[in-house]
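Worksheet for the structure shown next.
The values are calculated or read from the model by the stated rules, or taken from the named source; none is laboratory data. Note that the structure is predicted; figures quoted are calculated from it, not measured. Cβ sites come from the backbone with ideal geometry, for glycine too, and all protein chains shown count toward neighbours. For the accessible areas, the whole protein counts, side chains as well, though only heavy atoms, and no ligand, DNA or RNA atoms are used. Shrake-Rupley method; radii C 1.70, N 1.55, O 1.52, S 1.80 Å.
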Amino acid sequence: MAILVRNLFIFFIFTILLGIGYGSWQLEHKLRTVTYSEFRYCLANHDLKAITFIGNRVVAQHADGDKYETTVPNAEKLISQLQEKNIQINFKKDRSELIFKTIALIYVILLVLTVIISLSKKKRLEEEDNKFATEKLILPDSGTSLVTFDDVAGIPEALEELQEIVNFLKNPSQYSQIGAVSPKGVLLQGPPGTGKTLLARAVAGEANVPFYNFSGSDFVEMFVGVGASRVRDIFKEAKTRAPCIVFIDEIDAVGGRRAGGATASGQDERSQTLNALLVEMDGFSSSDTIVVLAATNRPDILDPALRRPGRFDRQVNILPPDLKGREKILEIHGAKVSLSPGLDMNKIAHMVPGFTGAELANLVNEAALMAARDGKNKIDYEDFEHARDRILMGVERKGMIISEDDRRALAFHEAGHAIIAKSLPEADPIHKITIIPRGRALGQTQQLSVTDRSSYSYNYLKSRITILMGGRAAEEIAFQQRTTGAQGDLVQATEIATNMICKWGMSDVIGPQAMAIDDSGFLGANVQRLEMSDKTSESIDSEIKKLLDASYDEAVTILKQKFYLLKQLATILLDVETLDEEEFEIILACHFTEKIAAGIQATHQCRECPAADTCIHSKLKK
Ligand code: ADP
């Protein structure tokens, strides 16, 4: 009905506007009307030029151009008088009635058309809505479309929580017998790609019940009321198939916090849809075995009404998997492709800290693509390594032309990062050093942590800043110049330092206070300072600067001490372009690192190295 009312409203507004327009035109152009007595007086006393008869009205025109009209009771008598006075007489057909009737007819036709179009649109939308619910339905016997808990790994706590939902759907009477109220809604919250959709499908698969798969954006339509009516239709349809699961992905598209008193139509539509959803969820009886699962990666913006008991009163947090979880997920996805025998998934899981389930699935696929491209019939470790670099850093830009000077600066820059990382005990081990440009980065020094970290110590964070400073420090020591290559490092270092001072209370001067709000993400997150006095703000700035300066000085000191090693490493990098962990260790071992650290300048060159058998050059040149 909403569409009809809206269209009729628009139609009548349009009519009123047209009426006002016509009225004002008439005011300007309509002839003055005089009484018949006035007309007779003018006829007798003034100089009339012409008279035009239009039906029973006459329009009189004076010699000076003045015009007016009147209605005459007896035209014949008037005509003879006019003839006597020798006034020009004209006759015109009176079309006003015809015009009026035509306009009225058009108006009625338009009105009828508006009603017909609106009703047919409403019917079409209703039909679409009915189809909408059934189109998104996956039935348990549809084979491949449903997954089970065996296809989900790395989130054991979430599986445990949802096991209860599975039990309820499988055996509702067990719950109703003892009067337990059924769980109605579960909100799955976590970053994108962590497996929320997969988990919802797995619940349906485990319980062997129908699964309705919607997305929040399915309900956001141009017309107000469509989303709400879809919600009602879905639940009507779902009740016929209970026990079943209704899954709403990205519920934040409709379930965002409602702004009080907002009237914009988008906002209206969203809040109507949300209201309809809440009403439907409140309306389930314990005999309706429907469980609503919803997923979001923005739980902070959800309307609090959604979390009320009886609605989405259970929240399951889903986080990126830990090392063991990553290994299991890799095994699940690895089973679908052809892997080299004995490939250690634990080693691969080590390479990709922080990867979500979706990223791991993508990693396996990328590795398979790499292997296929190289004509291999099994995927090996190298393919995974290449796939990971491609995902993290983009495609290698081997064809990129870099001047020899820039390459030298780049080699020193990366060598600087690596040597600092090796010199600080808290730092993660080096995994790879490369000066081959990839994506937007010209070079990269990768470190991989041995274990997944859930919290970071002051020393670890400080060492990260020092490592970041190592690139700029190496360039300055070697060439006494500063390049733009350190831009990314400086941004990251400043963000970590700001977080340390403002968010994690790691400065003695500022003390254990939170001076900034915790934005999403961890290292590299946007830090937003809270309101504070100018004095506090100044001390924060000075503490951040102190930390950054101290880290830079430390980097310079280490690299000055190990300048010979820095030069060697940069020279080898210029030659071989990429070094892995083992190769880096060989360089450190065969180039008298301890002596260098002690400040003794080694004099021999790499190629004359006495440990030539294990020397990186001989190893790499094999
Ligand atoms: P989300 O809904 O959280 O954005 P999805 O469930 O859509 O993430 O995940 C996308 C794909 O990533 C899944 O289809 C699956 O292949 C893979 N995936 C994600 N998490 C896992 C997991 N925990 N176990 C196995 N595969 C996963």
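Exactly one residue out of 51, 117 is in a helix (DSSP H, G or I), surrounded by 10 or more Cβ atoms within 10 Å (Cβ to Cβ) and touching a residue at least 12 places away in the same chain (Cβ under 8 Å), and it is 117. Set side by side, the residues 349, 387, 368, 372 differ, and just one is in contact with an Asp or Glu (Cβ under 6 Å, 6 or more places away or on another chain) and farther than 30 Å from residue 186 by Cβ, which is 387.
Are any residues in the range 484-521 open to solvent by 40 Å² or more (accessible area, probe 1.4 Å) and assigned to a loop (DSSP other than H, G, I, E, B), and if so, which ones?
504, 506, 508, 509, 512, 513, 514, 518, 519, 520, 521 - these are the residues of the range 484-521 that are open to solvent by 40 Å² or more (accessible area, probe 1.4 Å) and assigned to a loop (DSSP other than H, G, I, E, B).
Within the range 32-39, can one find any residue that is small (Gly, Ala, Ser) and touching a residue at least 12 places away in the same chain (Cβ under 8 Å)? No: zero hits.
Look at (1) surrounded by 13 or more Cβ atoms within 10 Å (Cβ to Cβ); (2) among the basic types (Lys, Arg); (3) within 40 Å of the chain's Cα centre (by Cα) and you find that residue 535 fails only one, number (1). In contact with a helix residue (DSSP H, G or I) (Cβ under 6 Å, 6 or more places away or on another chain), surrounded by 16 or more Cβ atoms within 10 Å (Cβ to Cβ), at pLDDT 90 or above and hydroxyl-bearing (Ser, Thr, Tyr), is that true of residue 296? Considered against the rule, which asks whether it is in contact with a helix residue (DSSP H, G or I) (Cβ under 6 Å, 6 or more places away or on another chain), surrounded by 16 or more Cβ atoms within 10 Å (Cβ to Cβ), at pLDDT 90 or above and hydroxyl-bearing (Ser, Thr, Tyr), residue 296 comes out as yes. Hey, could you check the range 237-247 for residues that are touching a residue at least 40 places away in the same chain (Cβ under 8 Å) and open to solvent by 10 Å² or more (accessible area, probe 1.4 Å) and say which is farthest from residue 207 (Cα to Cα)? Once the filter is applied, the top-ranked residue is 237. Screening the range 333-399 for helices (runs of 4 or more DSSP H) wholly inside it with 3 or more residues that are touching a strand residue (DSSP E or B) at 6+ places or on another chain (Cβ under 7 Å) and among the small types (Gly, Ala, Ser) returns the ranges 357-373.
With respect to residue 68, determine if the residue is closer than 30 Å to residue 6 by Cα and touching a residue at least 24 places away in the same chain (Cβ under 8 Å). No.
The combined condition, being buried (at least 16 other Cβ atoms within 10 Å of the Cβ) and away from the ligand (no atom under 16 Å from the Cβ), is fulfilled by residue 343. Being more than 16 Å from the ligand (Cβ to nearest atom) and closer than 27 Å to residue 484 by Cα is the requirement here; does residue 417 meet it? Considered against the rule, which asks whether it is more than 16 Å from the ligand (Cβ to nearest atom) and closer than 27 Å to residue 484 by Cα, residue 417 comes out as yes.
Only one of the numbered conditions (1) within 16 Å of the ligand (Cβ to nearest atom); (2) at pLDDT below 85; (3) of a type in the set (A, V, I, L, M, F, W, C) is violated by residue 323, and that is (2). Taking the range 397-407 as the range and being open to solvent by less than 70 Å² (accessible area, probe 1.4 Å) and either among the acidic types (Asp, Glu) or in contact (Cβ under 8 Å) with a residue 40 or more places away in the chain (or both) as the test, the residues that pass are 402, 407.
Might you let me know whether the range 156-163 holds any residue that is over 22 Å from residue 231 (Cβ atoms), over 28 Å from the mean Cα position of the chain (by Cα), open to solvent by 30 Å² or more (accessible area, probe 1.4 Å) and modelled with pLDDT of 80 or more? Yes: one or more hits. For the range 350-373, the set of residues classified as over 24 Å from the mean Cα position of the chain (by Cα) and at pLDDT below 90 consists of 350, 351, listed by residue number. Beta carbons closer than 6 Å, at least 6 apart along the sequence or on distinct chains, pair a first residue in the range 295-324 that is closer than 13 Å to residue 196 by Cα with a second that is open to solvent by 70 Å² or more (accessible area, probe 1.4 Å) and not in a loop (DSSP other than H, G, I, E, B) for 316/161.
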